[in-house]
1. What percent of all Cα-Cα pairs in the stretch A:326-409 falls in each 10 Å bin, counting up from 0?
2. Please compute the average number of Cβ atoms from other chains found within 10 Å of each residue's Cβ in peptide A:387-399.
3. Please give me, ordered by residue number, the trypsin sites (Lys or Arg not before Pro) of the stretch B:123-171 that lie in loop per DSSP and have at most 14 other Cβ atoms within 10 Å.
4. Could you calculate the contour length gain from A:Glu78 to A:Arg361, that is, 0.36 nm times the residue separation minus the distance between their Cα atoms, to one decimal place in nm?
5. How many partner chain Cβ atoms sit within 10 Å of a residue's Cβ in peptide B:75-86, on average, as a whole number?
6. Can you give me the distance in nm between label points at B:Ala258 and B:His231, each placed 7 Å from the Cα along the Cα-to-Cβ direction?
7. Let me see the P(r) profile for the protein assembly as shown: every Cα-Cα distance counted, bins of 20 Å, each bin given as a percent of all pairs.
8. Quick one: which of B:Lys108/B:Lys259; A:Lys283/B:Lys13; A:Lys260/B:Lys84; A:Lys15/A:Lys68 span more than 29 angstrom between C-alpha atoms?
Amino acid sequence: MNMNERSVTSKELLKKLTALHYEGAAKAKAEGRPVVWATSISPQELLETMDLATVYPENHAAAIGARKEALVFIDEAERDGYSQDICSYARVNIGYAGVGKSEAQDIPLPDLLFCCGNICGTVIKWYENLAKELRVPMIFIDMPFNHSFHVPAHSRAYMRGQIEDAIEQLEAFTKRRFDRDKFSEVMRLSNATCEWWKKATDLAKAKPSPLNGFDMFNYMAIIVCMRGSKEGYELFKLWHDELAAKAAAGMGPWSSAEEKYRVMWDGIACWPHLSTTFNALKKHGINMVTSSYPESWNLRYETNDLEGMAAAYSSIYANRNLDYDIGYMKKLVDEFRLDGIVYHSNRSCKLMDFRQYEVQRRVGELTGVPSVIFDGDQTDPRSFSEAQYETRIQALAEMMERGKGGMGL
Amino acid sequence: MFAGIDIGSSSSKAAIIGDDGRLLSVSVHNQGAGTDGHRQALERALALAGAERSDIRFLVATGYGRMRYEGADRQLTEISCHAKGVAWLTSGARTIIDVGGQDSKAIKLDAAGNVANFAMNEKCAAGTGRFLEVMARVLDCRVDELSEIAAASVKEVPISSVCAVFAESEVISRLSSGERPEDVARGAHVSIARRIAGLAGRIGCQPEIVMTGGVALNGDAVACLSKELGHEVLVAPHAQAIGAVGAAAFAWEMARAAK
Ligand code: SF4
């Protein structure tokens, strides 16, 4: 095919959609329409149905982190009296709300906050704080932690009530009626997008994997921000087709090196040290093929089933009990034929750290797969040591090499 | 002959193994990464073995400075090399506690002596040799005198800060309020032992427990650790240089495997 004639690649589309997403929010603000700030795994179906321009502070903070600009906002938040022990996404965002502009990406300040408690408890205090500081209303959807293996029936009913109530609050806020037909359409589309996201990331099961997991980190922006839109759907379908073609051709993750080992990454990326963390793995031929992310946005339910929708949002890894998480990790080890696991002990995320050692111990016992834990932070660049990271990754490589009969033995 | 060199943060170690797999020499030089301590350590080990650089057929480098050392046939982590060194010189070890200048680790070994899992200190000096260096400075003694001083302790002065910088001011205020240096030294050992026991717990500490690294030479610290773990902690032969011994052992094995 002539390069000039070729159709757009998913990477180009990803870039275009990301720009479109932020432009849309800026335009809404300029035209006097309200802008919403929402948590990353919240039922955006409600907002999409209401045609509300929405941005996602966690994604925005990640983009700022990846552009190595986080300290500007972290310093601002800390000067304002926020402790270094608070999640760095919160610090970056609260700092941004004060500064109001960034080199990486500008976002308009919110007129409404939309917070779902399924990812952690921190977001509740963070959003309440924003609501008070910025004097804007907040809609909160409570999704209690699932201490039992499955989402209990009483929880499902309770969460459905939460969603119904959120719809009423949205109607009151916009002074418009919530269009149930449109809602059905958005639900259908969101499910379809999630399905392709899952199908695409599942292609990493091929050996070698056509997917380099660090690319998945990039595509995540759109599964968070645009999964209820036609464009989002098209992106993941396209990405899937590209990966499927690569897999069919037996192509691995990189053109410059071969995939020798396959690992999963537990936790959030280290955005400020993305290339360092990536290169140290690649140097040893280690490809990160999966993480808990593919399933986190595999939000699937029957269209118009509000309770099912609530259960799907409540069923994400972060909101499930230890037995579920361990079983899930074991499944990934088996299905993705993993050689090892890299655990990011993330200073920001108490929720993830809280159970990490125990998950490591039990998954190690169940699967026999070696693993390492390294200390870092998703956006605060100060909580990471390159030398320590490299030593841990190399030690993992040595354990995996020995597992394959290497190391001169 | 085969060489291993361990370039740590505060010292460099070298070891030479003969063609028959016997350990011929070890050396420790008190200068670490960023100095030419590694060259001096290697020269000394070579001299002790009656050998020259050209006699070395394969050299493995380990430690913090491993990647910047030119002239290594392969670089391996301290984790693998400590495990290999312990397996080379002892038998029956299932847990290694290594406390070096700027990190401490607990390594779990499988029945064959290979690394099954490990845990390392977080990105700070708590529970490492550096902590004891700070303590020695406040107590105005050398690090290798701490053990003897603490042996005369009659009670432990608890040091609650795990951070070396905070612990320093804590100790200064303890001393000025009349506590004895002996008891403070013991307190420092207990503090480091608790921290390490926490690491060891994470990997499921099983006997035999063997200690390596510079702090293993501090008898009082080792005794405190035994008490914390509720099990005797053995000190590895050539404890400080055992990473270099392991590196040399890998050199020996890898050269043979390559044949
Ligand atoms: S990183 Fe952790 S603490 Fe921060 S918002 Fe996400 S889930 Fe919550």
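The values are calculated or read from the model by the stated rules, or taken from the named source; none is laboratory data. The structure displayed is predicted, hence computed values, not measured ones. Cβ coordinates were reconstructed from backbone atoms using ideal geometry, including for glycine residues, and neighbour counts include every protein chain displayed. Ligands, DNA and RNA are excluded from the accessible area calculation, which covers all protein heavy atoms including side chains. Shrake-Rupley method; radii C 1.70, N 1.55, O 1.52, S 1.80 Å.
1. Pairs per bin, as whole percents: 17, 43, 33, 7, 0.
2. 6
3. Within the stretch B:123-171, the qualifying trypsin sites (Lys or Arg not before Pro) (loop, at most 14 other Cβ atoms within 10 Å) are B:Arg142, B:Lys155.
4. Value of the extension gain: 98.4 nm.
5. Mean partner shielding for this stretch: 3.
6. Between B:Ala258 and B:His231, the label points sit 3.8 nm apart.
7. 17, 45, 29, 9, 0
8. Pairs exceeding the cut-off: B:Lys108/B:Lys259.
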